[in-house]
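Report on one structure; see the data block that follows.
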Amino acid sequence: MTTVGQDRDAVRMLRGLEDRRSSVRLRTALAAGTAPDPSFVDKLLERCAIEPEFFVRDMLTWALTRHPAALTLPGLLREVRSERARARSQALHTLSKIGDRQAWPAITPALLSDADDEVARSAWRAAVVLVPGGDESALAATLVTQLGRGERETQLSLSQALVALGEVSAPALEEAMRADDPGVRAHALVTQRLLDDPDAGFGPAIEEAKRIVALAGALERDEEDRADR
């Protein structure tokens, strides 16, 4: 049963989370996680969906992880289907931090290929955390369909997800190395290298992979030209 005092705390928290000063919102989220209360959950979820500051969003996620999963999961599972990209991304991020595999069915192929790069990246990280034992190979096969997508940060996130899955990613990566798209082949090659040597730097590895793919393409064209003569 909610008491008058709890209602007042919830009202104060709501006001703090809506304050125009990010420092106040940050302190309010910290307080909500330090002294968890079921009446805070809905307000924290609402703010996660619209909070513009990264550090505040991260504190909101931490505050949600301090509450029982039974209270937070229903709202988070609803948010991953939101029309707002930020809401989807932050809900996925929070699910990855909670780590409750009951949320796995919510990690759909649509989220893993979301048009918004930040949502997709959050989905990849959540998927690696939540995937049930035995489903890792199928997840790797889905993730490789995103190889070659986006800028360097997005590509690094995908490589890290595939590396985190371990050797089960190798067959899917090997197949991707034979793709028609040179960008996909290069990304698959660098990911395999990171799988073999996690300490290898992504930047130098991707540049080397691009050179290898470009050289292989040039050799193939040369052979085709000779065959046509």
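The values are calculated or read from the model by the stated rules, or taken from the named source; none is laboratory data. Values in this document were obtained by computation on a predicted structure and should not be read as measured data. Quick reminder, even Gly has a Cβ in these numbers, built from the backbone with ideal geometry, and neighbours come from all protein chains shown.
Yes/no matrix, rows are residues, columns are (1) at pLDDT 95 or above; (2) hydroxyl-bearing (Ser, Thr, Tyr); (3) at negative phi:
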| site | (1), (2), (3) |
| --- | --- |
| Thr2 | no, yes, yes |
| Arg15 | no, no, yes |
| Glu46 | no, no, yes |
| Met59 | yes, no, yes |
| Ala70 | yes, no, yes |
| Pro105 | yes, no, yes |
| Thr108 | yes, yes, yes |
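Can you report the number of residues in segment 4-62 which are of a type in the set (Gly, Ala, Ser), exposed (fewer than 15 other Cβ atoms within 10 Å of the Cβ) and in a loop (DSSP other than H, G, I, E, B)? Here the count works out to 1. Please tell me if Ala115 is in a helix (DSSP H, G or I) and hydrophobic (A, V, I, L, M, F, W, C). No, not satisfied. Arg125 meets the conditions (1) farther than 24 Å from Thr72 by Cβ; (2) surrounded by fewer than 22 Cβ atoms within 10 Å (Cβ to Cβ) in every case but one. The failed one is (1).
Selection of first residues in segment 177-196 that are farther than 19 Å from Gly150 by Cβ and of second residues that are of a type in the set (Val, Ile, Thr), restricted to Cβ pairs under 8 Å at least 6 apart or on distinct chains, gives the following pairs, ordered by first then second residue: Leu195/Val163. Quick check: is even one residue across segment 20-33 in contact (Cβ under 8 Å) with a residue 24 or more places away in the chain and in contact with an Asp or Glu (Cβ under 6 Å, 6 or more places away or on another chain)? Yes, there is a match, as at least one residue in segment 20-33 is in contact (Cβ under 8 Å) with a residue 24 or more places away in the chain and in contact with an Asp or Glu (Cβ under 6 Å, 6 or more places away or on another chain).
Being buried (at least 23 other Cβ atoms within 10 Å of the Cβ) and hydroxyl-bearing (Ser, Thr, Tyr) holds for only one residue in Thr94, Thr142, Thr154, and it is Thr94. Within segment 100-112, is even one residue in contact (Cβ under 8 Å) with a residue 12 or more places away in the chain, assigned to a helix (DSSP H, G or I) and β-branched (Val, Ile, Thr)? Among the residues of segment 100-112, not one is in contact (Cβ under 8 Å) with a residue 12 or more places away in the chain, assigned to a helix (DSSP H, G or I) and β-branched (Val, Ile, Thr), which makes the answer no.
Contact annotation: residue pairs with Cβ atoms under 6 Å, 6 or more positions apart or on different chains, pairing a residue in segment 56-67 that is more than 13 Å from Thr34 (Cα to Cα) with a partner that is in a helix (DSSP H, G or I), are Val56/Ser22; Val56/Arg25; Val56/Leu26; Arg57/Gln90. Against the criterion of being in a helix (DSSP H, G or I) and within 13 Å of the chain's Cα centre (by Cα), Leu76 does not qualify. Among what's in segment 159-191 and is crowded, with 20+ Cβ neighbours inside 10 Å, over 23 Å from Pro132 (Cα atoms) and not aliphatic (A, V, I, L, M), pick the residue that is farthest from the chain's Cα centre (by Cα). The extreme case among them is Arg185. Screening Asp117 on (1) without any contact (Cβ under 8 Å) to a residue 24 or more places away in the chain; (2) within 23 Å of Val80 (Cα to Cα) shows it passes everything except condition (1). Filtered by the rule that a residue be within 20 Å of Pro198 (Cα to Cα), at pLDDT 95 or above and hydroxyl-bearing (Ser, Thr, Tyr), segment 132-168 gives a lone residue, Ser137.
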